[in-house]
């Protein structure tokens with residue numbers, strides 16, 4: 001399994017790694033394949049906020065997810081798994097559950 005996380009605004013990849021079997025099993029348990037391809041937070045202007053691009057390749061299967069300043073528990077868990085394997089200076093800072101995202105369109 002290969003995981004890549006990048007910033008959609010800059011195009012910069014902040015994490016890219018072929019992960020080991022243990023980490024693959026942890027990531028598979030998150031059921032990321034059930035997520036949509038794009039999430040948008042209407043409480044944050046399109047030109048503001050954090051944008052994340054996630055790409056997961058598992059054998060012949062590939063999943064891409066883009067988030068515009070949008071919190072998802074499964075992504076928080078993915079980031080926690082990645083951060084546990086990364087030095088402090090390379091850790092990803094993801095949003096929190098308290099991120100406001102219930103504004104109407």
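What number of residues in the stretch 85-98 are modelled with pLDDT of 90 or more and more than 15 Å from the chain's Cα centre (by Cα)?
Matching residues across the stretch 85-98 total 1.
In the stretch 1-11, which residue that is touching a strand residue (DSSP E or B) at 6+ places or on another chain (Cβ under 8 Å) and under 17 Å from residue 69 (Cβ atoms) is surrounded by the most Cβ atoms within 10 Å (Cβ to Cβ)? Walk me through it before giving the result.
Here is the first cut: in the stretch 1-11, the ones touching a strand residue (DSSP E or B) at 6+ places or on another chain (Cβ under 8 Å) are 1-9.
Now narrow it down to the ones that are under 17 Å from residue 69 (Cβ atoms): 5-9.
Numbers: 5: 21, 6: 18, 7: 14, 8: 14, 9: 13.
Ranking the qualifying residues of the stretch 1-11, first place goes to 5.
Within the set of pairs 6 or more residues apart or between chains, which connect a residue that is on the phi > 0 side of the Ramachandran plot and free of Cβ contacts under 8 Å to residues at least 24 places away in the same chain inside the stretch 46-65 to a residue that is surrounded by fewer than 16 Cβ atoms within 10 Å (Cβ to Cβ) and part of a loop (DSSP other than H, G, I, E, B) with Cβ atoms less than 9 Å apart?
49/43
Say we look at the stretch 34-66 and pick out the residues that are out of contact with any strand residue (DSSP E or B) (no Cβ under 6 Å at 6 or more places or on another chain) and not in a loop (DSSP other than H, G, I, E, B); which of these is farthest from residue 2 (Cα to Cα)?
Here the answer is 34.
Restricting to the stretch 14-33, count the residues that are at pLDDT 90 or above, part of a strand (DSSP E or B) and within 22 Å of residue 69 (Cα to Cα).
1
Report, ordered by the first and then the second residue, all pairs with beta carbons closer than 7 Å, sequence separation of six or more or different chains, a first member in the stretch 74-100 that is under 15 Å from residue 16 (Cα atoms), and a second member that is assigned to a loop (DSSP other than H, G, I, E, B).
78/30; 79/92; 79/94; 82/92; 83/91; 83/92
On the basis of being surrounded by fewer than 16 Cβ atoms within 10 Å (Cβ to Cβ) and touching a helix residue (DSSP H, G or I) at 6+ places or on another chain (Cβ under 8 Å), does residue 36 make the cut? Steps first, please.
Values: surrounded by fewer than 16 Cβ atoms within 10 Å (Cβ to Cβ): yes; touching a helix residue (DSSP H, G or I) at 6+ places or on another chain (Cβ under 8 Å): no.
When the stated conditions are applied, residue 36 does not pass them.
The values are calculated or read from the model by the stated rules, or taken from the named source; none is laboratory data. Quick caveat: nothing in here was measured; it's all calculated off a predicted structure. So basically every Cβ, Gly included, is an ideal-geometry build from the backbone, and we count neighbours across all protein chains shown.
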